[in-house]
Amino acid sequence: MEILYLLIPLSLVLVGVIAWIMIWAVRAGQFEDLEGPAQSIIMDDDNPAPDDSTTKKEQ
Amino acid sequence: MSNSPGLVSPPSFFSCFHCGLPVPDGAHYPIQYEGHEEQACCRGCQAVAQTIIDSGQGAYYTHRTALPATPQIAESELKKLGLYDLPEIQESFVRVEAEHIREAALILENIVCAACIWLNERHIAQLPGVLSVEINYATRRARVRWDNSRIQLSDILKAVSDIGYIAHPFDPGRSDDIYRRERNTAIKRLAIAGLGMMQVMMYALPTYTATDMTDDIRMLMSWASLILTIPVVLYSAWPFFLGAWRDLKRKTPGMDVPVALGVGSAFVASIYSTFSGHGEVYYDSVTMFVFLLLTGRFLEMNARRRAGAAVEELVKLIPAATTRLPDYPATTEEEVPVVRLKVGDHILVRPGETIPADGVVVSGDSAVSEALLTGESLPVSKSAHARVIGGSLNQASPLVIRVDKLGADTRLAAIVRLLDRAQSEKPRIGKMADRAAAWFVGLLLVITALVGLAWYLIDPSRVLWIVVSILVVTCPCALGLATPAALTTATGRLTRLGMLTTRGHALETLARMTDLVFDKTGTLTRGQLSVRQVIPAAGHDAARARAIAAALEAGSEHPIARALREGAASGVSVEQVRNQPGQGVEAMIGGVRHRLGTPAFASACCRTDLVPPPSPDGESWVVLANDDGLIAWFGLADSPRADAAQALRALEQQGIRLHLLSGDGEAAVAATARQLGIGVWRANALPEDKLAYVKALQDEGRVVGMVGDGINDAPVLAAAQVSIAMGEGAEVAQAAADMVMLGQRLAILADGVALARKTHRIIRQNLGWALGYNLIAIPAAALGHVTPWMAGIGMSASSLLVVLNALRLADFKGENPLPQPAVPQRKPA
């Protein structure tokens, strides 16, 4: 049972870290648009047209 | 959108590659796409599609899930974009970051699916000089940063219109910022409460279940719980304490008081117990309690905001530009922002433009739609010396107007003032939950005091723990969730059915509505003329007459011309078309002079006096004649929406009294009322009359709902206990309304009432359950039989039950289910 003296304070620290991450995420605007990223990932260019975007990189 | 009622338009072999509308016969607008040729329906679509494909974003066409509107390219609008580059205009909406770096917020119009967002983002981002662009999917707003030395804002706006969308710069303003901060704070509070709740539960569960736990470990657990509960109570639950304090100061106890009382007393008692080492700890109940309530409030806030935002942003658009004629009567033109107009300026208003200020027509002859301002549904013809009202829409031909009233002096501003007054005088209907809460709080305090006193006499050492357990177990939680859970679910359901709720009380009031007042224009009718009746003269054929009329009016955008063209056969060729503004049109057909227009105009052609037939249904008559005499009379009238009669019957069956108030003339209103079976109606009603009418009904104790769409309706909408604006109506009307109808289905009204009533019932059940639970819990707690784990289970079970009961609203199906089109309805181009 003595391990609890370590584990419980450790869990407190862990919760603190998670809370800090959450607050950072809110401040950084991660919750501003909850629908967009889900949609835009589908729209990623799977088969880029053989023109500008690819040719530019090759130059 | 088929031409004649009853006929389904045949499947077209060629639908436009871009917008999906049928390609008209003889149109040839080819588009090169992936090596083969596609057809567009018009130049606009062709240009837009070609721009999209040529800039390498052709993938849009494979990804889109909804069809866009047919782009309408107005050269005059494009010219005005240049104004947005003026520093004094930019001042209100552009943020200057560095010397050349600018940032602006834009509202995008015509966005119909995710592919639109993707297309816009890609298209704007590839413009040279644009540093970044971000489009928020939920709000349809874009944030653009650009280098002003390399690209101008007008170029960006132009690029957006090139691909068929419209971008308006707008002032995000303070309320937006405030909302953002509020929402972020709410998420933070919720996150802290959620984390706290989960972890405290982890510590609490072993103390409830373990049999061999030493006191040291138990103490360690409660200290850890205390540390986690401190931020939950002091930060997350802070709004409840503030609210309770405010309620007490105003002496109107609401839901916040029992919440604050429960949280506060349980927390303080638990601290005491942790320090002193005896007694119970309630940290798990406290954190769970706070988290559940915050979730309810957060959902409520989101639902409200989503509905309100759409309306708000329309109101915040940057004022448009107008064409000034500085040296009138010389025709030099300059584009100026409306704010820079002065009294006495001459302005040119082209067809399709909105008149920016009150004034007098100096030259020109046109039809002007004042529907949004006066409620008169049909365009009014205006020629020299006629007065025009700012905010009305010029429909037929250019007008030169001398401005005589601006800003606060205009008719529009007066209506807005009337609106403010009506809104402040609106009768308030107390919220059911608040009334229940007031009773509940009073009762709870009395019972707690009595029980405390009784235990003081029996066993003073147990008073504190008994009192705390009563306060915790009485569970204002279920009571607090009862209303928001039901309202949020119902609001969401209603939005999917096609009705936005913009004010919190709307659903509760809708359930209790006894009278519904309609404004005719645009609510019950389509607000659009159509041919009701054709009376051919002897020896003439109605279909042939319609074809001739359609050919004569082929070039005109006047509403009468549009009505005559609709559903008529083609194939008549006309020559030498001459338009006589305000009177009619003349042309040669096979060498014979034909005239179409007012009786006086046509009479002059055939040299006989033409007397229009009687119009019992409020039709206006247009006559077609040639040199030989009369050919046909056309009776035109505004027609009721297809589902109006059915929707009204459904409302009547729900026991709602229907009224019709209209700014239109007697005959037209009487005809509509008769067709739709509305008993109580009033014609020629001014906004003031409508307001008085609604107030009179309210004085009789009726709960009045109002459906309207015009700016003239805004004051009445604000005064009615619950008001519903039409989605396609004026923005001011929407801002004043409690609900906004999306789409054109009136049947949604009856569904809305049914859903509101069901919501009402569910809220009652929830409140009943919360009270019933307390009837059992309070005596148990008072007798000292409730331990913290029982309180925790009781609280979560009753909250869960309340939420599940509310979720039953989510699968409410209306009597008139929405026909689900694969592609959203578009306004006819």
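Laboratory data are not the source of any read-out in this text; all were calculated from the coordinates shown. Being a predicted model, the structure only gives us computed values, none of them experimental. Methodologically, a virtual Cβ is constructed for each residue, glycine included, from the backbone with ideal geometry; neighbour enumeration extends over all protein chains shown.
Side notes on the structure shown:
- For B:LEU660, the residues whose amide H sits under 5 Å from its own are B:PHE518, B:VAL680, B:TRP681, B:ARG682, ignoring neighbours fewer than 5 places away on the same chain, with H placed 1.01 Å from N.
- Label sites at B:GLU333 and B:GLN126, each approximated as a point 7 angstrom past Cα along Cα to Cβ, lie 3.3 nm apart.
- Cα principal axis extents for segment B:204-273, largest first, Å: 51, 19, 18
- Student exercise, segment B:75-175 dipole from Lys, Arg, Asp, Glu Cβ charges, in Debye to nearest 20: 240
- With R₀ fixed at 25 Å, the C-beta to C-beta distance from B:LYS695 to B:LYS813 puts the FRET efficiency at about 0.10.
- In this structure, the amide hydrogen of B:SER723, modeled 1.01 Å from its nitrogen in the peptide plane, lies closer than 5 angstrom to those of B:MET706, B:ASP738, B:MET739, counting only residues at least 5 positions away or on a different chain.
- Cα centre as origin, Lys/Arg/Asp/Glu Cβ charges: segment B:155-306 dipole, Debye: 700
- Shown for B:PHE601, B:PHE275, A:PHE31: other C-beta atoms within 10 Å of each C-beta, ranked fewest to most, produce the order B:PHE275, A:PHE31, B:PHE601.
- Equivalent ellipsoid, segment B:75-175 (semi-axes from 5 times Cα gyration tensor eigenvalues, Å): 19, 15, 14
- The H on the amide N of B:ALA632, modeled in the peptide plane, is under 5 Å from the matching H of B:ALA537, B:LEU624, each at least 5 residues off or on a different chain.
- Which listed pairs, of B:LYS695/B:LYS813; B:LYS382/B:LYS690; B:LYS342/B:LYS690; B:LYS695/B:LYS758; B:LYS251/B:LYS813; B:LYS188/B:LYS249, have C-alpha distances above 31 Å, in listed order: B:LYS695/B:LYS813; B:LYS342/B:LYS690; B:LYS251/B:LYS813
- Cβ-based charge dipole, segment B:75-175, positive-most Cα from B:ALA104, B:GLN90, B:ASN136: B:ASN136
- Residues A:MET22, B:MET288, B:MET198, arranged from fewest to most other Cβ atoms within 10 angstrom of their Cβ, appear as B:MET198, A:MET22, B:MET288.
- 3J(HN,Hα) along segment B:746-753, derived from phi through the Karplus expression 6.51 cos²θ - 1.76 cosθ + 1.60 where θ = phi - 60°, amounts to 6, 4, 4, 4, 5, 4, x, 5 Hz, with x in place of Gly and Pro.
- In this Cβ point-charge picture (+1 for Lys and Arg, -1 for Asp and Glu), segment B:530-593 has a dipole of about 100 debye about its Cα centre.
- In sequence order, calculated HN-Hα J values of segment B:686-695 (Karplus, 6.51, -1.76, 1.60; Hz; x Gly/Pro): 7, x, 4, 4, 4, 4, 5, 4, 5, 5
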